[in-house]
1. Would you mind getting me the FRET efficiency between residue 391 and residue 32? Use the beta-carbon distance for r and R0 = 60 Å, nearest 0.05.
2. With a point put 7 Å past each Cα toward its Cβ, work out how far residue 71 is from residue 593 in nm, to one decimal.
3. Where in the chain are the helices, taken as whole DSSP H runs, whose Cα atoms extend 24 angstrom or more along the long axis and whose Kyte-Doolittle mean reaches at least -1.0?
4. Just tell me the longest site-free run in the chain, where the sites are GluC sites (Glu not before Pro) in a DSSP loop having at most 15 other beta-carbon atoms within 10 Å.
5. How high is the relative contact order of the chain, in percent, counting Cα pairs under 8 Å that sit 6 or more residues apart?
6. I need the trypsin sites (Lys or Arg not before Pro) found in segment 228-280, filtered to DSSP loop residues with at most 13 other beta carbons within 10 Å of theirs.
7. Taking all protein chains together and a probe of 1.4 Å, list 542, 579 from the most accessible to the least accessible.
8. How much net charge surrounds residue 457 when only the other residues with a Cβ under 11 Å from the Cβ of residue 457 are counted, with Lys and Arg +1 and Asp and Glu -1?
Amino acid sequence: MFARSLFGDMGKKNQQAATNGQYVRKSAPSMAQRRALGAFVLLQDGNLEKPPASSASDPQTNADNLKALSYFLGIDAVGISRCPEWTWYSHDATGAAIDPPHDQAISMVIDQGYETMEGATGDDWIAVSQSMRAYLRFSILGSVVARQIRNLGYEAKAHTVMDGEVLQPPLLLLSGLGEVSRIGEVILNPFLGPRLKSGVVTTTMPVAHDKPISFGLQNFCENCNKCARECPSGAITAGPKLMFNGYEIWKSDSQKCTTYRITNQSGAMCGRCMKTCPWNLEGIFAEAPFRWAAMNMPKAAPILAKLDDMAGNGGRNPVKKWWWDLELAEDGAYRPASHPVSDRDLQKDLDLKYEDQTLAVYPANLAPHPWPFPFPMDREKGIEAYQALITAEQYKARLKTGDTDGLAHEFRIDGDAPVIRVEIVKAEPMADGVTKYEFASVDGTPLPVWEAGAHIDIVVAPEYLRQYSLSGDPSDRSRYQIGVLREDQGRGGSQLLHRIFTEGRKIFISKPINHFPLTETAGRTYLMGGGIGITPMIAMAHRLHASGADFKMHYSCSSRSGAGFLQDLETMPWSDRVHLHISAEGSRADLDSILGDYKPNDHVYTCGPDRYMTSVIEAAERSGFKDGECHVEYFSVPETPDHENHPFVLRLARSGTEIEVPADRTAADVLNENGINVDVKCSDGICGVCKCGLTSGDVEHRDFVLSKKQRASSIILCQSRAAEAGGIVEVDL
């Protein structure tokens, strides 16, 4: 869910809060540990250097030695089990299918720390640091165990929060380290409760297995709703266990939980369920009678749960608070938190009812594709999926009658991958802040067909999905070429790209998309590029030259030192069609003169800074160019007036459904929230991806992609709205 937040699957607010791991970086001690956690990924795996040692062939001896080693290093609990294929993820982070390499698992548990948790609310400024500390400990210690196994000649890999390929909860259950809890995918341990972080080392070494253990914890959870009552996001169900993806669980709303943890302004993330759980115990002996009664006297569970409240357990103990409430400020310094710090107490009087909760779940059929590319969440379908969950008894009864429709949820991938993996084969600086990049397929096969005017989406980082025009020859499918200007005052995407895009790096890009098509039947074509806006013009020139069309290219820039592609343009077979206009040399373009010889069916294309494109189009209109003969493509959002947002009604023509769009939401937002998928990329009205047919209604068009003619029958849903408050806009959906 954190990755999905980064890709924008849960909306802009979540994406902004997740960018650069802000929910971790915002807390000073957490940030310090996060840096080390990333570095230790290099220790998780490695190659074998010798065959298996004969002394390490006995499963029971190996199991005993691995546990002894783990406890010696400081692991708090260890369990060993098989590692079935169904505990492995289906795909890795690149979207490649995983073929499980190991069949044994060593599960390890790290205590997050009772003393610190006693002084915290669970969702204040120490919460994320407790998590990072536990993750960091396993990252180090699990990697040491994995390395020792490899030293003995067996494959082994540590699976951490940063890089893991197995599902840890089922392995914890198989190894006897706990039971399923009401919290959801959180495992309860009888000595730590949910106050733990786990990690797994998978291996091929023969090891004796532990067995699952029934501690009686689930019976206690059935009689205790404390975590659900105290959950700040309302993500934990107060209802019964239900069947989800074929197994019985108290299924929580992971979307609600993640949203609160990422956007929490009163602290850093959240572990309030761990803090308030009655099984968050102090030690092995301190509360032994309570533990014994809860595990051995099932009927005592309701009484014990009430006693836990009466004793004030789960409340905050200020004496144990040792940390400062420091928050990362915009200037990069850590200063006292800018919002009131969470100091909540127990809500003993809250009567939380299951029937009043609205939760969403995402079974396998609603799961995202495995590739690093946005996949908007459909919360309405998630709510429907939750409401369709049934109990284990109902599940068994339907199996007996053969009524299996809807019982099994299969993960399916519909259509081709939205991205392709390519290698950077050239990264060549061309001018001050301008670099040319060329990409080739990883396996050497031809890249997808594209047309002049097309662009590609590039996954610079999950939060930086950027669009760049293709500047190469459309007939050459061996490489894609782009030119990128580093914008030091931009939003960070181009700066990061220039820093990390080096030759040999493998990246993900979309297949070419064309919202700026070339009209090849034009009488004459004028290609007007300003600065980095020359990139799509180069591809158009290649195509026009190949077809024998009449065209001219006019390239305007401030100075030669900041102009990309100058050397390339000199060597083009159509270089005689290129006209340079360099302001520093006194050769600024006279647009009225260039476009003054207009004839019907001439077309002009322009891309570059907003002021430049506005000047080109105004000159074209003065010369007689018609609306359909002028074409623009924006690289960034131009200056816009301060629009006033009004609420309005969006009517879906195909069903007649009417949806209210509040003033603080866009049409694209509400459609996605209501289960009607609308692809959104730029959210600024410049890419055209969310274009939709307009059936009726008075629209205030706020896009920068549609022509005047197109606006009569189309609308860009991420920006445009009804022109008047309460207006009705009908779209072709």
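1. Computed FRET efficiency for residue 391 and residue 32 comes out at 0.85.
2. For the pair residue 71/residue 593, the computed spacing is 9.0 nm.
3. Values: long enough: 127-151 (36 Å, 0.24).
The qualifying helices are 127-151.
4. The longest such stretch corresponds to 50-281.
5. 10
6. On the way: sites: 229, 241, 251, 256, 261, 272, 275; in loops: 241, 251.
Passing sites in segment 228-280 do not exist.
7. 579, 542
8. Values: positive: 466, 511, 681; negative: 679.
It works out to a net charge of +2.
The values are calculated or read from the model by the stated rules, or taken from the named source; none is laboratory data. Remember, predicted model here, so these are calculated numbers, not experimental data. Every residue, glycine as well, gets a Cβ built from its backbone with ideal geometry; the counts of neighbours run over all protein chains shown. For accessibility, only protein heavy atoms count, side chains too; no ligands or nucleic acids. Shrake-Rupley method; radii C 1.70, N 1.55, O 1.52, S 1.80 Å.
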